[in-house]
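First the structure, in the form of structure tokens, and then the observations on it.
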């Protein structure tokens, strides 16, 4: 039995990478998470995890444009391939152009969603991978991509 006094209420953390353009955070699992996304002006949600990894809030598809582009994380036993990352960036560009502000998430917003945001900063905003990582760690302290994921950033072209 859960006690309100024993367990702290975890706040749904949404961090703007680029204000009114690109936001990052964990998987939205509850209606209150969707309310927060709506209140922040999010129009589309880009999910990087499979349906088997996390159950998303029930009204997500009714309230937002939702697209899923699954990338592997550390549990998959492989790194994302460059083509997979580039495909996610194309999807992100389309959502931004057609819908407006996008919320990018994986399960915990530590590996995959930071990787996509870093790739966006490198490919679209011409940041070096190091500068993009420094910036993202400031605006989203949970950023913790794997070294092999970071190596992909140097191989990206402009999207």
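Just so you know, all these numbers are worked out from the coordinates, no wet-lab data involved. Computed from a predicted structure; not experimentally measured. Please note: Cβ atoms are built from the backbone with ideal geometry, for glycine as well, and neighbour counts cover all protein chains shown.
Treat each spin label as a single point 7 Å out from the Cα along the C-beta direction, and report the residue 139 to residue 65 distance in nm.
About 2.0 nm, to one decimal.
Want the number for residue 30 to residue 94: 0.36 nm per residue separation, take away the alpha-carbon distance, what's left?
My answer for the length gained is 20.4 nm.
Contour minus end-to-end for residue 81 and residue 130, with contour as 0.36 nm per residue of separation and end-to-end as the Cα-Cα distance?
My answer for the length gained is 15.6 nm.
Any idea what diffusion coefficient the chain gets from Stokes-Einstein, in µm²/s, Kirkwood Rh on alpha carbon pairs, 25 °C, 0.890 mPa s?
155 µm²/s
Note the angle between two axes, namely the Cα long axis of helix 129-139 and the longest principal axis of the Cα atoms of the chain, as a number of degrees from 0 to 90, rounded to the nearest 10.
20 degrees
If a/c stays under 1.5 just call it rounded; otherwise compare a/b with b/c (prolate if a/b is bigger, oblate if not). Do that for region 53-119, with a ≥ b ≥ c from the square roots of the Cα gyration tensor eigenvalues.
Since a/c reaches 1.5 but b/c is at least a/b, the shape of region 53-119 is classed as oblate.
In Å, the Kirkwood hydrodynamic radius of region 68-159 over pairs of distinct alpha carbons?
Working: mean 1/r = 0.0760 Å⁻¹.
It works out to 13.2 Å.
Round to the nearest 10 and give me the degree value, 0 to 90, for the angle of helix 82-98's Cα axis relative to the longest principal axis of the chain.
Here the helix axis deviates by roughly 60 degrees.
For the chain, what does -39500 (n - 2.57) per DSSP helix run (n ≥ 4), summed and divided by total residues, give at 222 nm, in deg cm²/dmol to the nearest 500?
Here the helix-only value at 222 nm equals -11500 deg cm²/dmol.
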